[in-house]
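Here the structure is laid out as structure tokens; the discussion comes afterwards.
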Amino acid sequence: MTGHVTAPAAALAEALPGWVTLLRAPNPGPMTLDGTNTWVLRAAAGEPAVVVDPGPLDEGHLAAIAAQAPVGLVLITHGHHDHTEGVPRLRELLDGVPVLAADPAHTNGGSPLTTPGARLGGFGFGIDLVVTPGHTADSVCFLVRPVGDPAPAPARDVRPTPSTPDVALFSGDTILGRGTTVVAHPDGDLGAYLASLELLGGYDGVPVLPGHGPALADCAAAARFYLAHRLARLDQVRQAVAGGARTPEQVVEVVYADVDRSLWWAAGWSVRAQLDYLERGGRESAEPARGLDTA
């Protein structure tokens with residue numbers, strides 16, 4: 001029977017790329033693991049850095065990021081507060097540095113990141129946008145190579161070849177360094193998340209630098225593990241409903257019985273997403289499902 005996962009979904013990365021610095025925010029917890037990972041990318045000495053996910057509004061953490069100046073760009077993987085709360089203050093510290101995200105509410109100094117395969121050049125990096133909704137509607141990943149200003153990439157095929165050197169994928173909460181992520185219903189969508197995992201399952205051998213937890217050695221291995229786990233959980237939800245469970249709370253009691261009760265509220269998000277997905281016959285949708293009592 002599928003159980004609660006707390007271990008990494010793939011082998012740990014042996015080391016971070018030489019152009020990456022990890023600044024971990026002091027906000028550990030059940031949902032944030034050791035804290036939010038803020039990634040600082042610098043292609044070469046003297047080049048402006050790129051910051052991924054500034055994290056919470058913690059003055060010490062934000063000062064540590066600002067000490068990495070010059071910073072030319074801030075990227076946001078998704079809009080949850082543990083990744084974005086500190087952005088306004090960081091912009092004050094860094095003289096209005098541009099911030100790019102999928103959600104216009106978190107974008108400042110550029111256009112929202114909505115086009116799959118869009119390539120951002122500059123600062124000594126080629127940064128490919130990998131659109132991965134599911135955990136949230138605005139979740140994206142960034143595939144980064146320290147190669148300067150690359151030629152335009154095909155719009156929907158940004159997967160590296162096996163010979164691609166020194167590349168990493170920054171996954172936010174779509175893939176975590178330990179355990180599995182929640183599908184934050186109603187903003188999150190399970191159908192979209194399953195499709196995102198199928199997409200990431202094609203990134204064989206690419207290290208994952210997640211929003212929480214340690215770096216993983218192989219994006220594809222982690223994504224395939226996540227996908228199999230999600231499908232197994234769906235089977236458990238089907239069985240729980242067939243056995244008489246009608247509300248998310250009743251399903252949580254059956255399917256997540258091995259999870260600490262203090263986390264059942266978070267499991268409830270995923271269960272609502274699962275019930276919504278099943279009610280729609282296994283399709284993505286922006287509209288809430290009807291039928292089961294998901295209140």
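The values are calculated or read from the model by the stated rules, or taken from the named source; none is laboratory data. Fair warning: this is a prediction, and the values are worked out from it, not measured in the lab. Cβ coordinates were reconstructed from backbone atoms using ideal geometry, including for glycine residues, and neighbour counts include every protein chain displayed. Surface accessibility is based on the protein's heavy atoms, side chains included, excluding ligands, DNA and RNA. Shrake-Rupley method; radii C 1.70, N 1.55, O 1.52, S 1.80 Å.
Pairs are defined by a Cβ separation below 8 Å, a sequence spacing of at least 6 or placement on different chains, a first member in region 1-21 that is assigned to a loop (DSSP other than H, G, I, E, B) and at pLDDT 65 or above, and a second member that is of a type in the set (S, T, N, Q) and surrounded by 13 or more Cβ atoms within 10 Å (Cβ to Cβ); the pairs so defined are 9/180.
Do we find a residue being within 22 Å of residue 32 (Cβ to Cβ) and in contact with an Asp or Glu (Cβ under 6 Å, 6 or more places away or on another chain) anywhere in region 235-251? Looking through region 235-251, none of the residues is within 22 Å of residue 32 (Cβ to Cβ) and in contact with an Asp or Glu (Cβ under 6 Å, 6 or more places away or on another chain). Against the criterion of being farther than 26 Å from residue 194 by Cβ, in contact with an Asp or Glu (Cβ under 6 Å, 6 or more places away or on another chain), of a type outside the set (Ser, Thr, Tyr) and open to solvent by 20 Å² or more (accessible area, probe 1.4 Å), residue 94 does not qualify.
Filter region 143-156 down to residues that are at pLDDT 50 or above and part of a loop (DSSP other than H, G, I, E, B) and give me whichever is least open to solvent (accessible area, probe 1.4 Å).
The qualifying residue least open to solvent (accessible area, probe 1.4 Å) is 148.
Scanning region 47-60 for residues that are of a type outside the set (Val, Ile, Thr), at negative phi and in contact with a Ser or Thr (Cβ under 7 Å, 6 or more places away or on another chain) turns up 54, 56.
Yes/no per residue for (1) touching a residue at least 12 places away in the same chain (Cβ under 8 Å); (2) buried (at least 22 other Cβ atoms within 10 Å of the Cβ); (3) not hydrophobic (A, V, I, L, M, F, W, C):
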| site | (1), (2), (3) |
| --- | --- |
| 173 | yes, yes, yes |
| 180 | yes, no, yes |
| 183 | yes, yes, no |
| 194 | yes, no, no |
| 202 | yes, no, yes |
| 209 | yes, yes, no |
| 228 | no, no, no |
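In this entry, residue 235 is excluded by the filter for residues that are open to solvent by 20 Å² or more (accessible area, probe 1.4 Å) and more than 25 Å from residue 279 (Cα to Cα). Every listed requirement among (1) within 17 Å of the chain's Cα centre (by Cα); (2) over 25 Å from residue 260 (Cβ atoms); (3) open to solvent by 30 Å² or more (accessible area, probe 1.4 Å) is met by residue 40 save one, (3).
Output yes when any residue across region 168-188 is touching a helix residue (DSSP H, G or I) at 6+ places or on another chain (Cβ under 6 Å) and in a helix (DSSP H, G or I), and no when none is. No, region 168-188 contains no residue that is touching a helix residue (DSSP H, G or I) at 6+ places or on another chain (Cβ under 6 Å) and in a helix (DSSP H, G or I). Six or more apart or on different chains, Cβ atoms under 8 Å: show the pairs whose first residue is in region 71-84 and more than 15 Å from residue 111 (Cα to Cα) and whose second is in a helix (DSSP H, G or I). Note: pairs meeting the criteria are 71/65; 79/105; 79/106; 84/106.
Residues that are assigned to a helix (DSSP H, G or I), of a type in the set (A, V, I, L, M, F, W, C), touching a helix residue (DSSP H, G or I) at 6+ places or on another chain (Cβ under 9 Å) and open to solvent by 10 Å² or more (accessible area, probe 1.4 Å): does region 252-262 have at least one? The answer is yes; a qualifying residue exists.
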